[in-house]
Amino acid sequence: MKTDIDVVVCEVGLRDGLQSIAQFFPTAEKIAWIQAEAAAGVPAIEVTSFVPATLIPQFADAQEVVMAARAVAGLRVDALVPNLKGAERAMALGVNSLDFVMSVSRTHNLKNVRREREESIEEFKRIVSMVRQLPPQQRPRLTPGLGTALGCSYEGAIAVDEVVKCAVALAEAGADEIMICDTVGYADPVLVKKVFTAVRSAVGSLPLGAHFHDTRGLGLANVTAALDCGVRRFDASLAGLGGCQFAPGATGNIVMDDLCFLLDAMGLRTGVDLDKLVSVRPMIARNLPDVPLYGGLARSGLPRNYVPAAQRAALTNLIF
């Protein structure tokens, strides 16, 4: 992972973006997508999900995709794991980060992973125990995500106390980082600040990340609110792919290209070359011709005479 960046962006299009699309995205093209985004400077990619292929055929090639991603120099390879069995498969392939999933909404958790929230927490504890049997230098990062933490299609508003309770349980179980997820795009900047501030107060210095969907057009506004709360890791999807088959009304993730431009315009270095990132989009369009793609940067391009954040920082250092 690069050290000269201010904010870590993680591409989740290959998992969250593809999970609800029935059309199989060819394995070779998934690998080319990963290689191209890594070459554009994206430091972390959630490349697949270790769920049974009978449930989501899109991820039947998980092993092949992970092995190819692991060969990309400098890339942090993440994978979603819903249970201990999935974690075992991911660890055997050398995944760098295990992205465990549970929902704060009881209803969504039952529909998505078919267990009670308390059972999910116990399952995460078993994963932690398994990981800790490895030497420290071989342990993957443990990054549980709290789905529907900012609202649920089934239950509506989610009590902040419930989010905090789940976050504390995961922190005490051994999480290295916690992702707070707006799975269905219910959040607004005021709610984001309220939830992230409460969780930060409860879990102390444990890193927090954010996963926003742009269902109602507030995704990037929510990013700025999370930045104000000290968040420095964000998930996003190239061209705004995404959704959840178990969350009615959920649409795509925030657009990776627009997120990187927002952060760069704010003077925050991501390590991403914006032009190279946008040039990856035709690969998605070619393989998913009937799926709508989103993004303001791709539509309008960079402003005239735009200077990237890294160059601005270098100029500032030279002057001062």
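Filtering the range 10-29 to residues that are under 20 Å from Val278 (Cβ atoms) and surrounded by fewer than 24 Cβ atoms within 10 Å (Cβ to Cβ) leaves Cys10, Phe25, Glu29. Applying the set (1) surrounded by 19 or more Cβ atoms within 10 Å (Cβ to Cβ); (2) touching a residue at least 60 places away in the same chain (Cβ under 8 Å); (3) assigned to a loop (DSSP other than H, G, I, E, B) to Thr215 leaves exactly one unmet item: (2). Within the option set Leu191, Leu170, Leu263, being touching a helix residue (DSSP H, G or I) at 6+ places or on another chain (Cβ under 9 Å), open to solvent by less than 30 Å² (accessible area, probe 1.4 Å) and more than 27 Å from Leu55 (Cβ to Cβ) holds for one residue only, Leu263. Looking at the range 97-111, I want the residues that are more than 15 Å from Ala149 (Cα to Cα) and have a partner that is in a strand (DSSP E or B) and acidic (Asp, Glu) with Cβ atoms under 7 Å, at least 6 apart or on another chain. Which pairs are those? Between residues of the range 97-111 that are more than 15 Å from Ala149 (Cα to Cα) and residues that are in a strand (DSSP E or B) and acidic (Asp, Glu), the close pairs are Ser97/Asp78; Asp99/Glu46; Asp99/Asp78. Among the candidates Lys194, Lys165, single out the residue that is in a helix (DSSP H, G or I), more than 24 Å from Arg126 (Cβ to Cβ), at pLDDT 95 or above and among the basic types (Lys, Arg). Unique residue meeting the criteria: Lys194.
Among the residues of the range 152-174, those that are among the aliphatic types (A, V, I, L, M), within 14 Å of Arg200 (Cα to Cα) and out of contact with any Pro (no Cβ under 7 Å at 6 or more places or on another chain) comprise Val160, Val163, Val164, Ala167, Val168, Ala169, Ala171. Residues that are in a loop (DSSP other than H, G, I, E, B) and without any contact (Cβ under 8 Å) to a residue 40 or more places away in the chain within the range 177-191 comprise Tyr186, Ala187, Asp188, listed in sequence order. In the range 30-68, the qualifying residues are those that are assigned to a loop (DSSP other than H, G, I, E, B) and open to solvent by 10 Å² or more (accessible area, probe 1.4 Å), and the one that is nearest to Val101 (Cα to Cα) is Val51. Within the range 19-45, the residues that satisfy the criterion of being at pLDDT below 95 and touching a Leu at 6+ places or on another chain (Cβ under 8 Å) are Ile21, Gln23. If I filter the range 69-86 for residues that are open to solvent by 50 Å² or more (accessible area, probe 1.4 Å), basic (Lys, Arg) and within 26 Å of Thr27 (Cα to Cα), do I get at least one hit? Yes, the range 69-86 has at least one match. Is it true that some residue in the range 142-156 is touching a Ser or Thr at 6+ places or on another chain (Cβ under 7 Å) and open to solvent by 10 Å² or more (accessible area, probe 1.4 Å)? Among the residues of the range 142-156, at least one is touching a Ser or Thr at 6+ places or on another chain (Cβ under 7 Å) and open to solvent by 10 Å² or more (accessible area, probe 1.4 Å), which makes the answer yes. Among the residues of the range 110-122, those that are buried (at least 16 other Cβ atoms within 10 Å of the Cβ) and more than 16 Å from Ile178 (Cβ to Cβ) comprise Leu110, Lys111, Asn112, Val113, Arg115.
The values are calculated or read from the model by the stated rules, or taken from the named source; none is laboratory data. All of these numbers come straight from a predicted model, not from anything done at the bench. Glycine also receives a Cβ, built like all others from the backbone with ideal geometry; neighbour counts cover every protein chain displayed. Accessible surface is based on the protein model in full, side chains and every heavy atom, while ligands, DNA and RNA are left aside. Shrake-Rupley method; radii C 1.70, N 1.55, O 1.52, S 1.80 Å.
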